[in-house]
Amino acid sequence: MSADADRDVLELLEYAAARLVERMVGLTDDEWSWRPVPGDPDVSIRWRLDHVTATLTEERNRTWLGKPTRAEGDSARPVSSAAAARAALGDAIAAFTDLVRERAGTLGEPIGAVAGPYGDATRRSFVLHVVDELVHHGAEAALLRDLYAGGAAGQPST
């Protein structure tokens with residue numbers, strides 16, 4: 001059962017990641033930085049992609065999945081364009097997916113003391129938490145892109 005469950009989680013991760021990457025193809029700097037609510041930096045594609053990238057590259061991903069040594073270059077860096085954000089997201093997705101693939105077969109194990117109050121949770125539940133972040137912020141980024149394309153960028157917010 002563990003191998004099947006790990007494979008299912010990995011397939012969900014790969015599917016959700018590919019869907020987000022595909023939805024961001026051709027993203028412009030204007031779309032990336034557009035905010036439908038003036039003055040709120042958290043309501044932008046930029047914030048969502050930065051957040052997903054940071055979530056996928058957090059140090060705890062490695063330690064909570066039982067691999068404490070950080071890989072070289074395995075951290076989020078500030079970006080200044082849509083193209084750089086897409087590249088950083090792609091790198092983060094690849095690194096996290098590789099980590100999950102490498103740890104497959106151990107995802108049913110408890111995270112352990114390194115996770116503090118979450119130590120009794122399984123590694124699989126942690127990966128699902130990260131996938132949830134990817135899915136819901138990816139959906140928000142896609143919606144913002146649709147609103148921008150639909151002409152909302154030129155409309156005042158109410």
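The values are calculated or read from the model by the stated rules, or taken from the named source; none is laboratory data. Note that the structure is a prediction, hence the values are computed from the model and not measured. Positions of Cβ are generated from backbone atoms using ideal geometry, with glycine treated the same way; all protein chains shown enter the neighbour counts. To get the accessible areas, we keep the full protein, side chains included, count just its heavy atoms, and leave off ligands, DNA and RNA. Shrake-Rupley method; radii C 1.70, N 1.55, O 1.52, S 1.80 Å.
Kindly provide the set of residues from segment 102-148 that are of a type in the set (D, E, K, R), more than 30 Å from Pro38 (Cβ to Cβ) and either touching an Asp or Glu at 6+ places or on another chain (Cβ under 9 Å) or surrounded by 14 or more Cβ atoms within 10 Å (Cβ to Cβ) (or both), ordered by number.
Passing the criteria: Arg103, Glu109, Arg123, Arg124.
Report yes if some residue within segment 72-83 is polar (S, T, N, Q), surrounded by 18 or more Cβ atoms within 10 Å (Cβ to Cβ) and assigned to a loop (DSSP other than H, G, I, E, B); otherwise report no.
No.
Could you list, in sequence order, all residues of segment 30-65 that are open to solvent by 50 Å² or more (accessible area, probe 1.4 Å) and either in a loop (DSSP other than H, G, I, E, B) or β-branched (Val, Ile, Thr) (or both)?
Selection gives Arg35, Val37, Pro38, Gly39, Asp40, Pro41, Asp42, Glu58.
Conditions first: (1) more than 12 Å from the chain's Cα centre (by Cα); (2) within 21 Å of His136 (Cα to Cα); (3) not aliphatic (A, V, I, L, M). Ser80 passes all but one, so which condition is the exception?
(2)
Scan segment 92-99 and give yes if some residue there is under 18 Å from Ala141 (Cα atoms), in a helix (DSSP H, G or I), open to solvent by 30 Å² or more (accessible area, probe 1.4 Å) and without any contact (Cβ under 8 Å) to a residue 60 or more places away in the chain, otherwise no.
No, segment 92-99 contains no residue that is under 18 Å from Ala141 (Cα atoms), in a helix (DSSP H, G or I), open to solvent by 30 Å² or more (accessible area, probe 1.4 Å) and without any contact (Cβ under 8 Å) to a residue 60 or more places away in the chain.
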